[in-house]
């Protein structure tokens, strides 16, 4: 656990920033909170995965690999840092912080870094990097990323340090992953090396998170502030998902490559509609069960891996075989 991240001298100006926004928020109508809560979904799994999938299946295979790699590497680092730092949410650090009641049910676990900021900056920042010649689209995507980050401050569920570090994770990965994918593209066999390195890193990180990290066990009025055992399982679940994505993605590039533009626009649209429907059904059904605690976490682990594998390998094999 990194104590300086929650040191009172370090955290005070950030709490002051949140209190400033909070004083504005409590005087504004609730629909503004609802607006910013709706903006945060661009930093969750569903929308970034849909966008990555459509590009991967229907527009540009290599660009899709790059974006899926960004999503996976982002989740790897963001969740690893969360479980190492173990920084509590702002309202635990200072009881003067009263987050939006609409956002609290979706703001469980540790705070640093902001996963929403990291996800939006990596995936949408990567998309902006790919489309950098189109200034309007690039500017719009950057504005979206900044708005997602600001929404976490407005709702009172993250401190500025959480958001800034989340944005930095995405920014660094945009360029680092581009170098990695360019290296792998020179020889498709390199994707197998890359896959082995990523799998090994994920397994080692999970071993550390699950067995060797010392987690705080703090109570207020007899209530456990954060349940590290549950967070361990949730980390395994999200790692299972990105392992499914990367294993499927890199195996598909090595053994089942395809070029979307070789298929007619009509068939690519059909492919995208069917695939998007599958993604929405799979992700929403499992994630809702996890949030509502209606699914055993051990069952969710293989389900999330299979889900990622279906998106990046099984579905491409199917539409290649049946030519749609």
Looking at the range 85-123 only, could you name the residues that are more than 18 Å from residue 148 (Cα to Cα), modelled with pLDDT of 90 or more and assigned to a helix (DSSP H, G or I)?
none
When you scan the range 137-144, do you find a residue that is in contact (Cβ under 8 Å) with a residue 40 or more places away in the chain and crowded, with 24+ Cβ neighbours inside 10 Å, even just one?
no
Filtering the range 125-143 down to residues that are closer than 18 Å to residue 178 by Cα and assigned to a loop (DSSP other than H, G, I, E, B) yields 131, 132, 133
Among (1) at pLDDT below 90; (2) over 30 Å from residue 192 (Cβ atoms); (3) under 20 Å from the mean Cα position of the chain (by Cα) - the single one residue 40 does not satisfy
(1)
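What residue, of 189, 182, is in contact (Cβ under 8 Å) with a residue 24 or more places away in the chain, out of contact with any strand residue (DSSP E or B) (no Cβ under 8 Å at 6 or more places or on another chain) and surrounded by fewer than 17 Cβ atoms within 10 Å (Cβ to Cβ)?
Numbers: 182 fails: in contact (Cβ under 8 Å) with a residue 24 or more places away in the chain.
Being in contact (Cβ under 8 Å) with a residue 24 or more places away in the chain, out of contact with any strand residue (DSSP E or B) (no Cβ under 8 Å at 6 or more places or on another chain) and surrounded by fewer than 17 Cβ atoms within 10 Å (Cβ to Cβ) holds for just one of 189, 182, which is 189.
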So which residues in the range 43-57 are within 12 Å of residue 280 (Cα to Cα), in a helix (DSSP H, G or I) and in contact (Cβ under 8 Å) with a residue 40 or more places away in the chain, if there are any at all?
46, 48, 49, 50, 51, 53
Which residue pairs have Cβ atoms closer than 9 Å, lie 6 or more positions apart in sequence or on different chains, and pair a first residue in the range 276-294 that is at positive phi and part of a helix (DSSP H, G or I) with a second residue that is surrounded by fewer than 12 Cβ atoms within 10 Å (Cβ to Cβ) and at pLDDT below 70?
none
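The values are calculated or read from the model by the stated rules, or taken from the named source; none is laboratory data. Computed from a predicted model, the values in this text were never measured in an experiment. Ideal geometry is used to build each Cβ from the backbone, glycine not excepted, and the neighbour counts take in all protein chains shown.
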